[in-house]
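Below is one structure; the comments refer to it alone.
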Amino acid sequence: MIRRVAGLGAAITLVSSGLAVVGASPALAMCPPDTGYTVHGTSVAMPFRGVPVFKDGKGGTITVSRAYSGSVSFSVTAGAETEVGAILAKAKVSISASLTKTNSTSTTHTYSHDISRGHYGHAQYVSWGKRVSWSKWQQYTSNGRCAVKTLRSGVIKFPSTSEGWRYWETTS
């Protein structure tokens, strides 16, 4: 549970015995109304639009070079799109400062990787972003106790300013 004193709607008065809250019920003083976000991020590779998946093998070496100019943007997979700005601001502080709504790039990048014997190697140019699970919560007083309820929740994939080749192997 997250408690914040900021936003307390009562005045605080200094008295000889310490601080006293004036004009607020005891329950309200202990549990001021508040709203906030909780975010959690996991890594995700977000392909740039228009860049194909390159495949080579069986075995050997895959070498890819791509002159590319394009972008990758956030993707709301669950939840409200109206929350994107607030979620991004919270995620930049809590998860990664390199997150962004859109990563636009113009680059030529060459990549080589050995392919295991009998396998196919795959490569795709991506932004190394984050899959951000979020919830918007509200703290309130109920029956003289602090309570928190979830108002909304969802998942948003954000690209970052970090980009490069994603590589994986398959048997077919």
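The values are calculated or read from the model by the stated rules, or taken from the named source; none is laboratory data. Quantities reported herein were computed from a predicted structural model and do not represent experimental measurements. Quick reminder, even Gly has a Cβ in these numbers, built from the backbone with ideal geometry, and neighbours come from all protein chains shown.
Given the structure, is K58 in contact (Cβ under 8 Å) with a residue 12 or more places away in the chain and either among the basic types (K, R) or touching a Cys at 6+ places or on another chain (Cβ under 8 Å) (or both)? So K58 passes the test.
Does V148 satisfy being more than 30 Å from S106 (Cβ to Cβ) and in contact (Cβ under 8 Å) with a residue 60 or more places away in the chain? Judged against the criteria, V148 is a match. Does I87 count as of a type in the set (V, I, T), free of Cβ contacts under 8 Å to residues at least 60 places away in the same chain and surrounded by 13 or more Cβ atoms within 10 Å (Cβ to Cβ)? No.
Return yes when S73 is modelled with pLDDT under 90, of a type outside the set (D, E) and under 14 Å from T161 (Cα atoms) and no when it is not.
Yes.
Residue count for segment 34-69 satisfying the condition of being surrounded by 13 or more Cβ atoms within 10 Å (Cβ to Cβ), at pLDDT below 90 and not in a strand (DSSP E or B): 2.
Of the residues making up segment 114-130, those that are surrounded by fewer than 16 Cβ atoms within 10 Å (Cβ to Cβ) and either out of contact with any strand residue (DSSP E or B) (no Cβ under 8 Å at 6 or more places or on another chain) or not small (G, A, S) (or both) number 3.
Here the strands (runs of 3 or more DSSP E) wholly within segment 85-172 that include at least 3 residues being more than 20 Å from F54 (Cβ to Cβ), modelled with pLDDT of 90 or more and not β-branched (V, I, T) are 120-142, 145-158. For segment 131-172, the set of residues classified as over 27 Å from A89 (Cα atoms), touching a helix residue (DSSP H, G or I) at 6+ places or on another chain (Cβ under 6 Å) and surrounded by 15 or more Cβ atoms within 10 Å (Cβ to Cβ) consists of T141 only.
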